[in-house]
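Here the structure comes first, spelled out in structure tokens, and everything after it is commentary.
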Amino acid sequence: MPGLLLKKRPLSRYLKDYKHSQTHCFQCGKLLDRMALVFRGKVINKEAIARMDQPIDDDVWLNVQNELVALCRFCSEIAYNSNPSYFDIMAFKQYLFGQTEMSHSTIREYVVRLRRLDEMLVAHNYPADTFANGGNAQRTIDDLSSTLHSNYRIALRKYEQYLAWQKS
Ligand SMILES: [Zn+2]
């Protein structure tokens, strides 16, 4: 209708409504329980949302919405709260979701193991260039075999499968 002004509401109001309307994780498709809202690549918590109180209208909101992602706790932690140095854990996780039939809990287990392994490698000052070309999981297993629990070896082999898949 000509001359009709779009009603404005605070952005935070839109964000809260949006948050409550999301049911599944954008990355793994899991039903959302505790979720993280990501805006322009950053997790925004309740306090941050409350501060985003500038008035906007529906047109602006449509654009803002394109830059929002709803993630489950698990996916948001991997994506934004960890700094893995040896493995591409994010891509590994997406590989497990996309290319295998594993359940969500099994994938979680693999990812958690790989993250712990990553922490162990950091603690050992394991040479990072060993990973530079990828596919050196077996060597890492050999190097650390005295200290590695078999669970980690299994996760490492799975990661090796991911690297092989990525190359093919
Ligand atoms: Zn998820």
- Message: Going through R108, R115, R73 one at a time, which residue ends up being within 13 Å of the ligand (Cβ to nearest atom), touching a residue at least 12 places away in the same chain (Cβ under 8 Å), not assigned by TED's automatic domain parsing to the domain that holds D33 and not aromatic (F, W, Y)?
- Response: R108
- Task: Please enumerate the residues belonging to region 48-69 that are touching a helix residue (DSSP H, G or I) at 6+ places or on another chain (Cβ under 7 Å) and within 16 Å of the ligand (Cβ to nearest atom).
- Result: L68
- Test T100 against the criterion of being out of contact with any strand residue (DSSP E or B) (no Cβ under 9 Å at 6 or more places or on another chain) and either under 30 Å from R157 (Cα atoms) or loosely packed, with under 12 Cβ neighbours inside 10 Å (or both), and give yes or no. yes
- Message: Can you tell me how many residues within region 46-76 are at pLDDT below 90 and out of contact with any strand residue (DSSP E or B) (no Cβ under 6 Å at 6 or more places or on another chain)?
- Response: 3
- Complete set of residues in region 12-43 that are surrounded by 11 or more Cβ atoms within 10 Å (Cβ to Cβ), more than 10 Å from the ligand (Cβ to nearest atom) and either touching a residue at least 60 places away in the same chain (Cβ under 8 Å) or in a loop (DSSP other than H, G, I, E, B) (or both): Q22
- Within region 65-83, identify whether any single residue is surrounded by fewer than 17 Cβ atoms within 10 Å (Cβ to Cβ) and within 11 Å of L15 (Cα to Cα), and answer yes or no. yes
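The values are calculated or read from the model by the stated rules, or taken from the named source; none is laboratory data. In this text, all values refer to a predicted model and were calculated from it rather than measured experimentally. Counting neighbours? That spans all protein chains shown, and the Cβs are built from the backbone with ideal geometry, glycine included.
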